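Taking it in order: structure first as structure tokens, then the write-up.
The values are calculated or read from the model by the stated rules, or taken from the named source; none is laboratory data. As the structure is a prediction and not an experimental result, all values here were calculated from the model. Glycine also receives a Cβ, built like all others from the backbone with ideal geometry; neighbour counts cover every protein chain displayed.
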């Protein structure tokens, strides 16, 4: 662009607009003014070195805008707002493009695919040139490394979700099948996007590296999964041993079968994953729990035997004391007790007398006869006789 072109722009009061979009912007970094000044300085330096600074000022010719975008996955709202700002800047700059942007196209989605494409988009863009540069081995290796990194990143995101589950102390169902699917999917993608290359040694080498890296990460998740299964097995074993009707050997066999079944379900088919060490450690823990249970039962039995022996000894002592008491009082006169009561006819007097252990007790009380109105004056109490004289005799021999 010559100075004459700049002069034409100045006459019609138009400027060159630079719209600089920075994606994956960190939300913690709020110094956007400094970032804008940085780009302005870069453009201004080029402007000063190319044109006569005395003739034109930088602000008269250039309009620089910097739009900061966060990652779409982590802050969709900020990303959408930045897209709206970018759209308005473009509409202000070029009316023709602005009219197109007024259509029903999702501008935010278009920008997202441009600045933050999916792994499939990255693979397509990175690997489309492989067949064109296949004659150049170095270019093929560079493109292959790009595909390798993108596929590995996608697998890492899937494994991060699985790691989150085990970190929350939850078992992953069908972990072995899921692990195999992640590896097979990654290898298939790599083969697909390297299909134009004839460098088979490089492809096989990268496939082996890809499988080894993913397998190592999945194996660490597998070990965490085994710890969760072990804790579940111990819990089931303790619950079974609380029932005294369940034999300890049967509970041990059931717990071991449960661990093996769950561990086999977590092993990736075709891998070298093993769980023999974890199983041996589990056996030691279960045996220790079983021995403690046997020791506790033995202590309970001993305590019950000691209690029974003490009770039997007390019974013997009581029998001996009763025998001694019978021998002591067997030849002496026995104690005797006697008592009698009398109520005079047509009166409320009640006279009672008792003799007990050498003491005589006479008691006179006035108790109304509740049945007098029913019996009449010539009732059962008309005279002293066997019917109205009560006598009790108690003799101890």
Review point. Pick from 153, 100: which is surrounded by fewer than 16 Cβ atoms within 10 Å (Cβ to Cβ), farther than 30 Å from residue 230 by Cβ and at pLDDT 85 or above?
Key: 153
Practice item. Assess whether residue 192 counts as being more than 16 Å from residue 271 (Cα to Cα) and in a helix (DSSP H, G or I). Key: yes
Study note, to complete from the structure: Restricting attention to region 229-283, the residues that are surrounded by fewer than 18 Cβ atoms within 10 Å (Cβ to Cβ), touching a residue at least 12 places away in the same chain (Cβ under 8 Å) and not in a helix (DSSP H, G or I) number exactly 4
Check your understanding: Assuming residue 328 fulfils every condition listed in (1) exposed (fewer than 10 other Cβ atoms within 10 Å of the Cβ); (2) at pLDDT 90 or above apart from one, which condition is it?
Key -> (2)
Revision key, fill the gap. So, first residue closer than 16 Å to residue 242 by Cα in region 292-304, second residue in a helix (DSSP H, G or I), Cβ within less than 8 Å, six or more apart or across chains; the pairs are 293/241; 293/248; 294/248
